[in-house]
1. Take the residues of the stretch 124-150 that are at pLDDT 95 or above and polar (S, T, N, Q): which is nearest to T34 (Cα to Cα)?
2. For the stretch 133-149, does any single residue satisfy the condition of being assigned to a strand (DSSP E or B), of a type in the set (D, E, K, R) and either in the same structural domain as A198 (by TED's automatic domain parsing) or within 23 Å of E105 (Cα to Cα) (or both)?
3. Give A56, A40 a once-over and let me know the one that is in a loop (DSSP other than H, G, I, E, B) and touching a residue at least 24 places away in the same chain (Cβ under 8 Å).
4. Just one of I97, I64, I91, I36 is touching a strand residue (DSSP E or B) at 6+ places or on another chain (Cβ under 6 Å), of a type in the set (V, I, T) and more than 18 Å from W5 (Cα to Cα); which is it?
5. Out of L93, L60, L76, which single residue is assigned by TED's automatic domain parsing to the domain that holds M33 and surrounded by fewer than 18 Cβ atoms within 10 Å (Cβ to Cβ)?
6. Determine if the stretch 92-111 includes at least one residue that is over 20 Å from F191 (Cβ atoms), more than 14 Å from the chain's Cα centre (by Cα) and not polar (S, T, N, Q).
Amino acid sequence: MAGGWAAKTIAEGANSAEAITLIQDAFSAGLLMTSICGGAHLFAAADIINGTSLTAYDDLAPVIEAAGGTYVDTSLVIDEPFVTAQAGFHIQLVNAIADVLGDYEEAPPSFVDITVEQLGDKQYNITVETADESPVYSVSVMLYIISDDNQKTFIKIVILEETSDEFTFSGIISMTQDGIYSLDVSMRDWFGNYAVEADVVEIDTEINMNKTSTNFVITLVCIFCIAGFIIVRRRHEKL
């Protein structure tokens with residue numbers, strides 16, 4: 001049951017019978033009953049909470065008590081088959097539901113791979129592939145610059161966006177100065193499990209990653225010039 005004033009409106013409305021019957025049928029079928037904030041008002045109206053502990057916004061306490069339930073002023077209450085939460089505790093409610101259903105997991109996401117594509121001068125597209133039993137909530141890149149004595153200095157965090165490929169996140173990072181940078185990847189799933197993979201890649205902004213380097217081009221040109229000179233000279237000697 002969602003929160004807000006809708007639950008009170010439905011519970012006390014003239015046409016509430018259909019909603020109340022639906023809730024009672026779900027309860028009789030042994031389904032998990034969950035609500036947040038004012039949603040518990042409908043459980044009270046359905047007369048299914050006698051002897052049950054629930055939480056909701058505090059103004060609902062008299063309604064819960066009148067229906068035979070026990071109001072508990074805390075963020076989350078699990079009294080199966082009821083899982084109830086106060087406003088603002090959505091993540092805790094989701095985790096509790098998963099726990100009661102046997103789907104909660106505590107393993108953090110795993111780092112799989114990273115791809116770096118140079119877009120321009122000191123600008124790169126970063127793509128990170130992860131893996132997890134549950135959906136990955138967020139992936140961030142922590143950027144450090146490495147000094148001559150190999151010390152890392154934190155520069156900034158860039159939050160990557162989820163791509164169309166599951167568990168893959170991408171984003172653009174820009175550097176303001178030339179140097180060697182190191183990237184850490186932090187990952188968090190929907191259950192709050194967190195992991196950091198350190199030093200996954202180094203980026204040297206003085207090296208063009210996607211184009212042939214200028215030095216290489218100059219060297220190649222010199223080789224062709226020398227080869228041409230040798231060929232011309234040998235032909236001249238034959239003449």
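The values are calculated or read from the model by the stated rules, or taken from the named source; none is laboratory data. Since we're looking at a predicted model, the values are computed, not measured. Reconstructed Cβ throughout: ideal geometry from the backbone, glycine too, with neighbour counts over all protein chains shown.
1. S138
2. no
3. A56
4. Of the residues listed, the single one that is touching a strand residue (DSSP E or B) at 6+ places or on another chain (Cβ under 6 Å), of a type in the set (V, I, T) and more than 18 Å from W5 (Cα to Cα) is I97.
5. On inspection, the qualifying residue turns out to be L76.
6. Restricting attention to the stretch 92-111, the residues satisfying the condition of being over 20 Å from F191 (Cβ atoms) are none.
No, the stretch 92-111 has no match at all.
So that you can scan it fast, the table gives a plain yes or no per residue for (1) free of Cβ contacts under 8 Å to residues at least 60 places away in the same chain; (2) touching a Ser or Thr at 6+ places or on another chain (Cβ under 8 Å); (3) of a type in the set (D, E, K, R):
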site: I91; (1), (2), (3): no, no, no
site: N95; (1), (2), (3): no, no, no
site: F111; (1), (2), (3): no, yes, no
site: I114; (1), (2), (3): no, yes, no
site: E117; (1), (2), (3): no, yes, yes
site: Q123; (1), (2), (3): yes, yes, no
site: E129; (1), (2), (3): yes, yes, yes
